[in-house]
1. Of the residues that sit in the stretch 293-318 and are among the aliphatic types (A, V, I, L, M) and part of a loop (DSSP other than H, G, I, E, B), which one is nearest to T73 (Cα to Cα)?
2. Within the stretch 259-269, identify whether any single residue is among the charged types (D, E, K, R), buried (at least 20 other Cβ atoms within 10 Å of the Cβ) and within 24 Å of L205 (Cα to Cα), and answer yes or no.
3. So L211 clears everything in (1) in a loop (DSSP other than H, G, I, E, B); (2) closer than 28 Å to P112 by Cα; (3) modelled with pLDDT of 85 or more except one condition, right? Which one?
4. Mind checking which residues of the stretch 192-208 are touching a residue at least 12 places away in the same chain (Cβ under 8 Å) and not in a loop (DSSP other than H, G, I, E, B)?
5. Can you tell me which residue in the stretch 165-184 is modelled with the lowest pLDDT, limited to those that are within 30 Å of F92 (Cβ to Cβ) and of a type in the set (S, T, Y)?
6. Which one is farthest from L297 (Cα to Cα) among residues in the stretch 79-116 that are touching a Gly at 6+ places or on another chain (Cβ under 9 Å) and either free of Cβ contacts under 8 Å to residues at least 24 places away in the same chain or surrounded by fewer than 21 Cβ atoms within 10 Å (Cβ to Cβ) (or both)?
7. Taking the stretch 278-292 as the search range and keeping residues that are outside any helix (DSSP H, G or I) and among the aliphatic types (A, V, I, L, M), which one is farthest from P56 (Cα to Cα)?
8. K192: on the phi > 0 side of the Ramachandran plot and loosely packed, with under 15 Cβ neighbours inside 10 Å, yes or no?
Amino acid sequence: MTGRPSPLPRRFASGFRRLAATLLAALLALIGLSQPMSAQARPARPAAARTAPVRPALWKVSDKDTTIWLFGTIHALPKGLEWYKGPVAAAFEQSDALVTEIIEKSPEEMRPIVLAKAMLPEGQTLRGMLAPADRAAFEKALAGNALPVAAFDRYQPWYAAVALATLPLLSSGYDPANGVDAQLSDRALAAKRGREALETPEFQLGLFGSLPLDTQKKYLREVVDNLPKLKGELNRIIAAWKAGDAARLARLMNEDEDDPVLEQRLLIDRNRDWAQWIKARMDKPGRVFIAVGAGHLAGAGSVQDQLARLGLRATRVQ
């Protein structure tokens with residue numbers, strides 16, 4: 001949006017993007033039920049996704065009778081990207097259980113959960129709470145994505161921002177059904193492996209819904225401002241993920257976070273809780289494959305950093 005005396009820092013929304021990526025499949029399911037996109041031509045796969053070598057990073061935490069693999073995921077990918085091979089495939093096939101951030105629910109199950117966290121109180125509308133310039137830019141973005149201007153009037157700003165940010169990715173061929181999490185879940189179901197989750201959808205959505213409205217509106221403003229850049233940003237993140245370049249992923253996703261409250265709530269606290277879960281799980285024999293968003297396994301405050309504070313070492317496998 002234009003005319004801002006002090007534009008929002010570039011990385012304000014990095015924590016939101018990490019969490020939004022986690023919930024992408026669930027949120028898109030609800031968007032599809034409530035506000036379907038207009039029919040359009042089938043998108044082409046990004047050429048870079050077809051040609052670059054794929055060796056995403058993998059870590060292991062182990063003792064004499066327990067092995068836990070840590071694998072960073074990308075939640076929406078173009079069709080045809082071959083990442084399930086080598087050490088990643090071997091680790092997964094040796095595992096007894098798959099652990100993800102949440103266990104996927106059907107669109108019918110997710111709908112009331114999202115609505116409970118995303119709807120505005122009766123009598124309020126999203127566009128009604130936006131400043132005139134913000135409202136104009138928001139409506140222009142909706143029209144540019146073939147959505148009616150009232151599409152998200154009953155929703156909180158965070159939900160509109162997440163939904164709007166997904167549309168350029170969908171039109172570019174990125175699909176949660178092709179994401180790492182969905183593929184691993186399908187494989188776990190087919191192999192009758194155990195399934196566990198570190199969090200619930202209600203908890204994750206609550207992280208969004210509990211944020212002050214002013215913070216949510218700032219996030220929506222940044223999403224609208226940066227819609228043309230979102231595809232390029234995701235392409236860079238995927239390229240770093242495919243190369244197993246955790247340091248670059250950290251730079252792209254985490255290190256420029258300039259809102260300490262958001263960083264603590266959406267990243268550090270959750271990484272610490274997951275490390276505690278892993279430490280407790282190390283007391284039980286077995287082999288577990290943990291798959292979480294790649295940003296949680298990169299940079300300062302990562303799950304690996306939190307494990308080190310607990311006296312556990314994560315060894316790079318790939």
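1. Step one: filter the stretch 293-318 for residues among the aliphatic types (A, V, I, L, M), giving 294, 297-298, 300, 303, 307-308, 310, 312, 314, 317.
Right, trim to part of a loop (DSSP other than H, G, I, E, B) and you get 298, 300, 310, 312, 314, 317.
Values: A298: 12, A300: 18, L310: 24, L312: 22, A314: 17, V317: 15 Å.
The extreme case among them is A298.
2. Filtering the stretch 259-269 for residues among the charged types (D, E, K, R) gives 259, 263, 265, 269.
Add one more test, that the residue is buried (at least 20 other Cβ atoms within 10 Å of the Cβ), and what stays is none.
No.
3. If we test L211 against (1) in a loop (DSSP other than H, G, I, E, B); (2) closer than 28 Å to P112 by Cα; (3) modelled with pLDDT of 85 or more, just (3) comes out false.
4. In the first step, residues of the stretch 192-208 are kept if they are touching a residue at least 12 places away in the same chain (Cβ under 8 Å); the result is 193-202, 204-208.
Of everything in the stretch 192-208, those that are touching a residue at least 12 places away in the same chain (Cβ under 8 Å) and not in a loop (DSSP other than H, G, I, E, B) turn out to be G194, R195, E196, A197, P201, E202, Q204, L205, G206, L207, F208.
5. Restricting attention to the stretch 165-184, the residues satisfying the condition of being within 30 Å of F92 (Cβ to Cβ) are 165-166, 169-170, 172-184.
Now restrict to residues that are of a type in the set (S, T, Y): 166, 172, 174.
Details: T166: 82, S172: 78, Y174: 81.
Looking at the filtered set, the residue picked out is S172.
6. The initial filter retains those residues of the stretch 79-116 that are touching a Gly at 6+ places or on another chain (Cβ under 9 Å), namely 79, 95-99, 101, 107, 116.
Subsequent filtering for residues that are either free of Cβ contacts under 8 Å to residues at least 24 places away in the same chain or surrounded by fewer than 21 Cβ atoms within 10 Å (Cβ to Cβ) (or both) retains 79, 96-97, 107, 116.
Working: K79: 24, D96: 22, A97: 20, P107: 28, A116: 30 Å.
Of everything passing the filter in the stretch 79-116, A116 is farthest from L297 (Cα to Cα).
7. Pass one, the stretch 278-292, residues outside any helix (DSSP H, G or I): 282-292.
Those still in the list that are among the aliphatic types (A, V, I, L, M) too: 282, 288, 290-292.
Numbers: M282: 24, V288: 18, I290: 14, A291: 12, V292: 13 Å.
Out of the qualifying residues, it is M282.
8. Details: on the phi > 0 side of the Ramachandran plot: yes; loosely packed, with under 15 Cβ neighbours inside 10 Å: yes.
Yes; evaluated as a whole, the condition is true for this residue.
The values are calculated or read from the model by the stated rules, or taken from the named source; none is laboratory data. This is a predicted model, so every value here is computed, not measured. For neighbour counting, all protein chains shown are included, and Cβ atoms are generated from backbone atoms with ideal geometry for every residue, glycine included.
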